[in-house]
Structure formats: structure tokens, C-alpha cells
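Trainee: Take a look at this one; I'll ask things after.
The values are calculated or read from the model by the stated rules, or taken from the named source; none is laboratory data. The shown structure was predicted, so the numbers you read here are calculated from the model rather than taken from an experiment. Using ideal geometry, Cβ is built from the backbone for each residue, glycine included, and neighbour counts are taken over all protein chains shown.
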Amino acid sequence: MEERQLRPRIAIVCGQNSALATEHLWLKRAYQEPIVRAGGLPLLIGYLPDALCQQAVTQSDAVLLTGGEDVDPLRYGAYPQRGLGSVDPKRDATELAVVRAALAQGKPLLAICRGIQVLNVALGGTLYQDLPRERPGTLLHSQTAPRWAASHPVSIAPESLLARLIGADPYPVNSFHHQSCRSLGEGLVVTATAPDGVVEAIELPGRPVLGVQWHPEDMAADDPRAQALFDGWVAGFSR
Ligand code: MN
């Protein structure tokens with residue numbers, strides 16, 4: 001089957017499978033499926049030097065950042081505290097370079113889970129290294145229910161990119177994070193919060209840059225609003 005119309009190219013930075021003895025790049029398959037359904041062409045990129053991160057962004061129409069390890073606290077001027085999970089400095093380097101290139105080039109960016117944290121840190125923000133230790137009393141944000149199952153609602157700012165994509169009604173999301181945004185990076189605004197006040201989405205107003213703390217890719221097969229997020233985001237910059 002031939003497709004004549006060129007699809008928008010979505011660069012996705014892979015992670016590393018640290019469970020294997022040798023270094024393997026990997027990507028959870030669920031990330032590419034909602035993008036394919038939305039009419040995009042996922043292009044996977046590995047760990048690259050800064051100059052090639054810039055080229056990868058130049059040759060893509062948009063960038064997707066995915067979930068994974070904790071960002072190295074040294075990247076936001078903090079020291080590792082008890083409760084910090086595993087870090088991957090090489091992935092930090094690649095993804096921070098990709099985010100800076102995307103922002104400099106005005107490319108649309110969707111940043112999921114770890115991605116929202118990378119986006120915030122790239123703009124000078126900080127993170128809670130471990131919510132249960134640093135913000136006792138918050139909800140359980142590391143759910144044990146299945147990936148596709150929602151576990152807490154978020155409230156969405158009406159005048160936001162997120163609201164344009166999925167509407168501003170309260171939205172039940174899944175939750176697989178033990179960290180969250182603390183102070184916000186330059187220019188960022190919060191556009192979704194959990195009932196306990198934990199930041200669940202951030203944006204750069206007026207720009208196609210959105211970070212979400214939940215995992216829409218794991219809900220998109222069953223939840224029309226999760227798929228709508230990808231549909232609207234990809235449709236916003238069709239070639
Ligand atoms: Mn959550």
C-alpha cells in the first residue's frame with residue numbers, strides 16, 4: 001500500500017533498556033501507535049551529540065519525549081536525595097539538547113511523564129525528587145492499576161492548548177510518577193493539576209509546547225480524549 005501524502009515526521013527519543021547487560025535503545029510500542037493513528041510518522045532517534053540532536057529536530061516536524069528514568073538532579077542544581085530513582089545522564093544530555101533545539105526552532109513538542117520533567121528542567125525549573133517524601137499527604141501517583149486505567153482526575157485550565165485538544169472538563173488520567181514539577185521553568189504555566197495540587201500539565205503560552213505528567217499513549221486505544229490529544233497535536237502541524 002502506497003501513501004502519497006507525506007506524513008508529518010515525529011522524532012521520538014528512545015530510552016535505554018537498563019535491564020540488559022549491554023546497552024540497548026528501546027521504546028515502548030504504545031508511543032508510536034496513537035501517532036500513527038493520528039496521521040503522523042514516528043521516527044526513532046537514539047542518544048546523539050548535541051549537533052546531531054539539532055539536525056534531528058531540523059529534519060522533523062515535531063518532537064515527542066517519553067517516560068523513563070528520573071532526571072539527574074545535578075541538571076537542576078540539586079543533589080541526589082533519598083527516594084531518587086535511577087538516572088541516565090546520557091539520555092538527559094540527548095533530551096535536553098532536543099528540547100532546546102525544538103524551542104529554538106519553534107517545533108511542536110509533546111512531552112510525556114519524564115518528558116514534562118525534562119521540559120521543565122530545560123527551561124530552568126526544578127523537580128520534587130520523590131513526592132511521598134517531599135510532599136507527604138499527596139495522592140498515590142504511582143498507581144498499581146493497569147496502564148490503561150485512570151486513577152485520579154485532573155482539572156484543566158480552560159484557556160490552554162490542552163483544553164483546545166481534549167476539552168476543559170475534569171479528566172481522569174492514569175498516574176505512574178513519583179516525581180513532579182516543583183518550581184516552573186521560564187515562561188511555563190501550569191494547565192492541569194491533580195486534586196492534591198500536583199502539577200499534571202505545563203505549557204508555553206502561544207506555542208505548540210505541552211507537557212503532561214500522565215501517559216495518554218497507554219489510554220489512547222480505549223479513551224477518545226487520550227487519542228484526541230495526539231490527533232489534535234499532529235493535525236496542528238500537518239505538512
Ligand atoms: Mn499523577
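Trainee: Among the residues of region 1-34, count how many are among the basic types (Lys, Arg) and without any contact (Cβ under 8 Å) to a residue 40 or more places away in the chain.
Mentor: The qualifying residues number 2.
Trainee: Select from region 187-200 the residues that are outside any loop (DSSP other than H, G, I, E, B) and more than 16 Å from the ligand (Cβ to nearest atom) and list them in ascending order.
Mentor: Val189
Trainee: Is at least one residue of region 146-154 over 27 Å from Leu96 (Cβ atoms), more than 18 Å from the chain's Cα centre (by Cα) and either among the polar types (S, T, N, Q) or at pLDDT below 95 (or both)?
Mentor: Yes, because at least one residue in region 146-154 is over 27 Å from Leu96 (Cβ atoms), more than 18 Å from the chain's Cα centre (by Cα) and either among the polar types (S, T, N, Q) or at pLDDT below 95 (or both).
Trainee: Would you confirm whether any residue within region 220-231 is within 22 Å of Leu123 (Cβ to Cβ), in contact with a helix residue (DSSP H, G or I) (Cβ under 9 Å, 6 or more places away or on another chain), in contact (Cβ under 8 Å) with a residue 24 or more places away in the chain and outside any loop (DSSP other than H, G, I, E, B)?
Mentor: yes
Trainee: Run down Leu184, Leu165 and say which single residue is surrounded by 15 or more Cβ atoms within 10 Å (Cβ to Cβ), in a helix (DSSP H, G or I) and more than 16 Å from the ligand (Cβ to nearest atom).
Mentor: Leu165
Trainee: Still on this structure: So Tyr31 clears everything in (1) in a helix (DSSP H, G or I); (2) more than 27 Å from Glu200 (Cα to Cα) except one condition, right? Which one?
Mentor: Every listed condition holds for Tyr31 apart from (2).
Trainee: While we're on this one: For region 201-211, name all the residues that are surrounded by fewer than 24 Cβ atoms within 10 Å (Cβ to Cβ) and within 16 Å of the ligand (Cβ to nearest atom).
Mentor: none
Trainee: Under the condition of being touching a residue at least 40 places away in the same chain (Cβ under 8 Å) and under 19 Å from Gln129 (Cβ atoms), which residue from region 171-181 is nearest to the ligand (Cβ to nearest atom)?
Mentor: Checking each candidate, the answer is His177.
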